[in-house]
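The values are calculated or read from the model by the stated rules, or taken from the named source; none is laboratory data. Every value quoted in this text rests on a predicted model; they were computed, and no experiment measured them. Cβ placement follows ideal geometry from the backbone for every residue including glycine, while neighbour counts extend to all protein chains displayed.
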Amino acid sequence: MQESADATIKVKLPSRGRSYPRETLKKCIEFVDEIRKRCGAENISYDVLEKAMGVQKRSSTFEKRFAASRQFNLIDFNVNKVSLTILAKSILFPVSEDAKRKALMDAFKSPPLYKEIIEKYNGVILPSSLPNILYLDFKLAEGAKEDAADIFITSGKYAGVINGENRLSTELLDFAASTTDNKGPAIEAIPDPVSRQLPQKDTQPLQDFDDTGQSFTLKFSSGRYAKIFIPDGFTKKDLTKLIYQINVLRFDLDEQEGSSIISDIEEEAI
């Protein structure tokens, strides 16, 4: 007896899931730098690009790096012409370390999927079940979830927004953007209550200092960062003022201990 057409079992193929960068941010930056070296940075024919990069017919490695670079906003592709974006150039030719750090973070935040993950987990440690979360909550294909999670974490660490504990924080992005306007000696992210305790002369707006000098970044136990920039010409008297500010912070943490420390140096610092 022949089965009817209605009895035929229809098998649904697995969904491909939503798009995600299939290559790390680091490898994409190396990829666009290689494009620049071989073809330049503007209006490159895609066919010429393939030949210059040594692509034989279809190359899965080339195609996934090209697609991921577009997601990270490192490549413009319009009417068969390829160009490096301003963001890519800012990473390859940074005007400062802060500018490069901000550009890396901007690139990391560019893929639509990454924007959603950051919105959900910014400021907390990423769950160990992130691959399953990507599959269930973010609609990635089941077979891609492990790869996507690994690339996200690897790229985030390269961009400086995921630490060794897998804590995701884009606070550093806001900090890096703010430091471009502050050229004098200053400690970033000082709470308002502390700034109100500083002497009046130390709370005046920063002047336009020369940007030559040295700087270093401090990482706090909370995972947030502060940066100290010391311009050339820094003196022992300036050091005393800086120590005074640090001890004001200590006063905020332990009033009794801090008040005694500050009283010893207050007159000289002011």
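Summary table below
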{"read-out": "SER45 at pLDDT 90 or above and over 21 Å from LYS157 (Cα atoms)", "value": "yes"}
{"read-out": "Options ARG16, ARG70; residue that is under 26 Å from THR154 (Cα atoms) and at pLDDT 95 or above", "value": "ARG70"}
{"read-out": "Residue satisfying all of: in the stretch 64-95; surrounded by fewer than 22 Cβ atoms within 10 Å (Cβ to Cβ) and of a type in the set (Lys, Arg); farthest from GLU50 (Cα to Cα) among these", "value": "LYS89"}
{"read-out": "Inter-residue pairs, beta-carbon under 8 Å, first in a helix (DSSP H, G or I) and in the stretch 227-244, second at pLDDT 70 or above, 6+ apart", "value": "LEU242/ILE228"}
{"read-out": "So SER96, is it among the polar types (S, T, N, Q) and over 22 Å from ASN43 (Cα atoms)", "value": "yes"}
{"read-out": "Flag for SER155 being at pLDDT 95 or above, farther than 30 Å from PHE234 by Cα and either surrounded by fewer than 17 Cβ atoms within 10 Å (Cβ to Cβ) or not assigned by TED's automatic domain parsing to the domain that holds ASP232 (or both)", "value": "yes"}
{"read-out": "Residue count for the stretch 78-129, restricted to those that are over 15 Å from GLY160 (Cα atoms) and either in a helix (DSSP H, G or I) or touching a strand residue (DSSP E or B) at 6+ places or on another chain (Cβ under 8 Å) (or both)", "value": "20"}
{"read-out": "Condition met for ALA148 (touching a residue at least 40 places away in the same chain (Cβ under 8 Å), among the small types (Gly, Ala, Ser), closer than 20 Å to ARG65 by Cβ and surrounded by fewer than 20 Cβ atoms within 10 Å (Cβ to Cβ))", "value": "no"}
